[in-house]
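Some notes on the structure that comes next.
The values are calculated or read from the model by the stated rules, or taken from the named source; none is laboratory data. From a predicted model like this one, the values you see are computed outputs, not experimental measurements. Cβ: placed from backbone, ideal geometry, glycine included. Neighbour counts: every protein chain shown. To get the accessible areas, we keep the full protein, side chains included, count just its heavy atoms, and leave off ligands, DNA and RNA. Shrake-Rupley method; radii C 1.70, N 1.55, O 1.52, S 1.80 Å.
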Amino acid sequence: MGAQPVQAAAPRQLAQVEGVLERITYANEETGYTVARVDTGRGANDLLTVVGSLLGAQPGESLRLHGRWASHQQYGKQFVVENYTTVLPATVQGIQRYLGSGLIKGIGPRFAERIVEKFGADTLEVIEQDPKRLIEVPGLGPKRTKMIAAAWEEQKAIKEVMVFLQGVGVSTSLAVRIYKKYGDSSIGVVKNEPYRLASDVWGIGFLTADRIAQAVGIPHDSPERVKAGLQYALSQSSDQGHCYLPEERLIADGVKLLQVDVGLVIDCLAALVAEEGVVRESLPGDGGERVTAVYLVPFHRAEISLSNQVLRLLRAETDRMPGFADVDWPKALGWLARQTGAELAPEQQESVRLALTEKVAVLTGGPGCGKSFTVKSIVTLALAKRAKVLLAAPTGRAAKRLAELTGHQASTVHRLLELRPGGDAAYDRDRPLDADLVVVDEASMLDLILANKLVKAVAPGAHLLFVGDVDQLPSVGAGEVLRDLLADGGPIPSVRLTRIFRQAQQSGVVTNAHRINEGLPPITEGLPDFFLFVEDDTERAAGLVVDVVARRIPQKFRLDPRRDVQVLAPMHRGPAGAGNLNTLLQAAVTPGREGLPERRFGGRTFRVGDKVTQIRNNYEKGQNGVFNGTVGVVTALSVEEQKLTVLTDEDEEVPYDFDELDELAHAYAVTIHRSQGSEYPAVVIPVTTSAWTMLQRNLLYTAVTRAKKLVVLVGSRKALGQAVRTVSAGRRHSALDHRLATG
């Protein structure tokens with residue numbers, strides 16, 4: 001029998017539905033998949049379920065949805081959305097709902113009701129044509145009237161840009177960011193220079209820019225595309241901690257990412273080097289062979305600068321603490337013991353001498369080995385000689401702890417340097433800090449860029465002491481600064497504290513941290529401060545984590561689940577990942593309540609009382625910027641002002657406009673990487689086989705050392721064994737140790 005002719009499929013006719021978005025019941029911010037309820041005019045009790053990509057649409061908006069009808073076994077009739085546009089509502093109820101939803105700054109539910117009462121169906125026309133008339137509404141003064149008119153104009157301008165951007169596949173929230181960056185030039189930039197978006201607009205990476213470029217007709221093999229792709233590959237590698245990539249690996253990554261010929265990638269890389277978009281340098285590899293390293297320009301500059309500045313400080317001929325060069329150490333240490341009420345161990349005494357006589361030094365060691373007491377001793381002696389001492393740490397929590405331990409003021413590195421919009425520091429080589437001794441705690445968290453800014457600001461002749469635990473995870477940002485400073489054969493003097501003090505030996509947390517670091521399984525029975533709840537099923541383990549945080553720990557230890565307990569997960573994704581745990585923990589600890597305002601953004605809902613964390617460096621926010629990893633609590637939320645306020649760990653109130661909420665994530669659970677530098681009374685750690693690839697010794701060690709009083713592990717013995725056995729794979733690509741050693 002011959003083959004049947006294939007019939008060309010007739011183009012599908014999409015169905016159309018119009019209605020007001022009542023509520024979003026589920027949204028996945030990674031895929032955009034949304035489940036929502038829409039009022040199509042048949043009354044609030046007869047809502048239609050719609051599914052599909054609706055990210056960016058807000059409750060209260062009138063939508064024109066295009067898609068198809070479907071039937072779900074469990075949930076019945078649904079409308080599957082393929083695309084949507086927002087339309088202005090036509091009915092009085094629709095207008096009131098639209099204005100009261102907080103979409104127009106300055107109008108909340110209360111004023112929406114008054115405005116619609118005054119102008120009825122003509123309300124939107126009045127706001128559009130004659131906004132001055134809003135002053136006729138009781139309670140609306142000139143200031144708010146002006147704000148509403150400006151917000152309406154901005155919405156209108158953004159809508160035009162959005163219609164275009166939705167046509168090329170950009171979500172509403174990114175469209176708002178593009179408009180805020182480029183204003184009326186937005187459409188021109190998107191059409192003609194789409195790859196600019198990846199470097200200019202936070203939240204748009206190369207992949208999104210590439211999708212837009214394809215939609216506006218830029219060729220697949222365009223040199224601009226390939227160069228942008230190579231810079232993206234380097235940027236991705238810096239997010240994984242690398243300062244550079246070996247050229248061969250970069251080329252291979254480029255070919256895989258861009259799906260173009262290797263010859264084109266090689267040519268475009270050469271062009272990038274010629275244009276000074278990247279730097280190529282020959283460096284010694286691990287096995288003695290040479291490696292051709294390719295850097296993004298800021299990382300190359302920072303690595304060379306940091307190395308030069310450290311060596312400059314180390315070799316400075318002047319000394320801002322000359323009194324310690326010929327001090328009578330037995331006498332000084334005797335005086336110190338009387339002041340502090342405790343004798344220093346020999347290795348602690350060596351650390352004190354080193355910090356006060358060497359211009360640059362490193363103090364490292366695990367928990368319970370007396371790092372903090374040693375730092376307090378160093379500061380006490382320096383102050384006794386009238387030295388100017390500055391103390392800093394990378395996070396607000398770590399700085400607070402440092403101040404409590406030493407009795408001396410401490411600040412974050414960012415505040416110490418007074419970072420300004422754009423990332424420049426008020427203090428640098430030309431205007432150094434007025435300090436004789438600078439102590440930086442939690443130095444394992446210092447990435448290359450921040451360490452360079454800090455060291456640049458230390459005056460020649462001043463002493464700089466780095467304090468940290470080199471066995472913890474390296475920094476979130478690029479580099480392995482502390483490890484490179486401690487490298488064998490390097491010029492930086494250092495002391496490693498190894499003796500665990502008797503008092504610390506009684507702590508199960510300290511004992512088990514050292515066992516894990518030595519590759520031994522933790523003791524999980526018979527300790528008052530270290531527990532394992534065994535649960536092999538990952539989803540049930542997630543439920544158990546929530547029960548432990550919200551009920552068991554508060555009952556047994558009288559700790560506050562929001563303030564005192566922190567869940568530290570090996571990864572973000574998965575049933576027991578930080579993302580899902582945040583949803584479950586928010587429902588248990590800060591549930592939604594009738595009458596309390598909340599704001600949905602992407603897949604998250606923000607409420608007053610929520611524990612949140614900043615997920616990007618933003619130099620424009622707050623007094624000296626707000627940085628990746630800063631934690632706080634939402635203290636206020638106004639639908640009318642489209643704003644929420646976060647009180648950070650540094651006791652600073654920081655306002656966020658609703659369109660900036662993609663900078664915040666919930667922090668009931670955070671990844672272990674994000675917890676660095678912070679300490680919590682109690683730590684709960686899900687250790688499940690679903691996080692298999694992430695289970696490594698330094699990850700578990702870092703998590704356990706974040707706890708002051710209590711550790712609870714939840715998960716399987718098999719996963720715990722994997723974490724203890726697995727030593728982290730490989731070093732980061734960094735040449736700081738080589739530059740320091742060769743001078």
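General remarks:
- Contact order, relative form, for the chain: 11 percent (alpha carbon pairs under 8 Å, 6 or more residues apart, mean separation divided by residue count).
- The convex hull drawn around the Cα atoms of segment 499-569, when projected onto a plane and averaged over every direction, covers 6.1 nm².
- Solvent-accessible area assigned to carbon and sulfur over the chain amounts to 49 percent, based on a 1.4 Å probe.
- Kirkwood-based Rg to Rh ratio, segment 315-403, C-alpha trace: 0.95
- Only protein heavy atoms count here; on that basis, with a 1.4 Å probe, ASP428 has an accessible area of about 50 Å².
- Nearest-0.05 FRET efficiency for THR635 and ARG338, computed from C-beta distance (R0 45 Å): 0.50
- Backbone amide hydrogens, once placed in the peptide plane, bring PHE606 within less than 5 Å of ARG599, ARG600, PHE601, excluding anything fewer than 5 places away on its chain.
- Exposure rule at most 10 other beta-carbon atoms within 10 Å, DSSP loop trypsin sites (Lys or Arg not before Pro): the chain longest free segment: 43-385
- LEU695 contributes about 10 Å² of solvent-accessible surface, heavy atoms of the protein only, 1.4 Å probe.
- Whole-number D in µm² s⁻¹ for segment 484-536, Kirkwood Cα-pair radius fed into Stokes-Einstein, 37 °C, 0.692 mPa s: 239 µm²/s
- Maximal additional length on extending the GLN73-TRP692 stretch stands at 219.4 nm, based on 0.36 nm per residue less the C-alpha distance.
- Here MET147 sits with roughly 70 square angstrom of accessible surface, probe radius 1.4 Å.
- Helix 172-182 vs. the chain, principal-axis angle (Cα, 0 to 90°, nearest 10): 70 degrees
- Segment 651-678 versus segment 242-302: alpha-carbon centroid distance in Å: 33 Å
- Spatial separation of Cα centroids for segment 49-123 and segment 325-384, in angstrom: 66 Å
- Ordered from largest to smallest accessible area (heavy atoms of protein chains, 1.4 Å probe), the residues HIS220, HIS514 come out as HIS220, HIS514.
- A 1.4 Å probe over all protein chains sorts GLU620, GLU153, GLU303, GLU594 by accessible area into GLU594, GLU620, GLU153, GLU303, starting with the largest.
- In this structure, the amide hydrogen of GLU82, modeled 1.01 Å from its nitrogen in the peptide plane, lies closer than 5 angstrom to those of HIS66, GLY67, ARG68, counting only residues at least 5 positions away or on a different chain.
- Computing Rg and the Kirkwood Rh from the Cα coordinates of segment 251-355 gives a ratio, Rg/Rh, of 1.31.
- Theoretical FRET efficiency, 1/(1+(r/R0)^6), r = Cβ-Cβ of LEU520 and LYS709, R0 25 Å, to 0.05: 0.65
- Pairwise centroid distance, computed over Cα atoms, of segment 559-611 with segment 448-514, Å: 33 Å
- Each label was represented as a point 7 Å from its Cα along the Cα-to-Cβ direction; for THR318 and ASP428 these points are 2.0 nm apart.
- The gain in end-to-end length when the LEU527 to ALA157 segment is fully stretched comes to 126.9 nm, 0.36 nm per residue minus the alpha carbon separation.
- Placing R0 at 41 angstrom, the Cβ-Cβ distance between GLN129 and ASN628 gives a FRET efficiency of 0.35 after rounding to 0.05.
- Normalised by the number of residues in segment 693-741, the mean separation of alpha-carbon contacts (under 8 Å, six or more apart) gives a relative contact order of 55 percent.
- THR292 paired with ASP651, simple spin-label distance in nm, labels 7 Å along Cα-to-beta-carbon: 5.6 nm
- Applying the Karplus relation 6.51 cos²θ - 1.76 cosθ + 1.60 with θ = phi - 60° to segment 63-75 yields 3J(HN,Hα) values of 10, 10, 9, 10, x, 9, 7, 8, 10, 9, 3, 8, 9 Hz, where x marks Gly and Pro.
- Karplus-derived HN-Hα couplings along segment 270-278 (A = 6.51, B = -1.76, C = 1.60, θ = phi - 60°), whole Hz, x at Gly and Pro: 4, 5, 4, 5, 4, 7, 6, x, 9
- The GluC sites (Glu not before Pro) of segment 199-252 include none that DSSP puts in a loop with a beta carbon having at most 14 other beta carbons within 10 Å.
- With contacts taken as Cα pairs under 8 Å at a separation of at least 6 residues, segment 38-117 carries a relative contact order of 25 percent.
- DSSP beta bridge pairing in the chain, given as percent antiparallel to the nearest 5: 60 percent
- Convex hull volume per residue, computed on the Cα atoms of segment 590-697, equals 142 Å³.
- Stretching GLU248 away from ARG600 to a fully extended chain increases their span by 122.3 nm, per 0.36 nm per residue minus the current alpha-carbon distance.
- 3J(HN,Hα) from dihedral phi, segment 618-627, Karplus parametrisation 6.51/-1.76/1.60, rounded to Hz, x for glycine, proline: 10, 6, 7, 8, x, 5, 10, x, 10, 10
- Coarse-grained scattering of segment 519-663 at q = 0.13, 0.14, 0.19, 0.22 Å⁻¹, given as base-10 log I(q)/I(0) from a Debye sum over alpha-carbon atoms: -0.68, -0.78, -1.24, -1.48
- Per DSSP, loop GluC sites (Glu not before Pro) in segment 331-393 with at most 15 further Cβ within 10 Å: GLU343
- Dividing the summed helix terms, -39500 (n - 2.57) for each DSSP H run of n ≥ 4, by the number of residues in the chain produces a 222 nm estimate of -11000 deg cm²/dmol to the nearest 500.
- Accessible-area ranking of ASP239, ASP441, largest first, probe 1.4 Å: ASP239, ASP441
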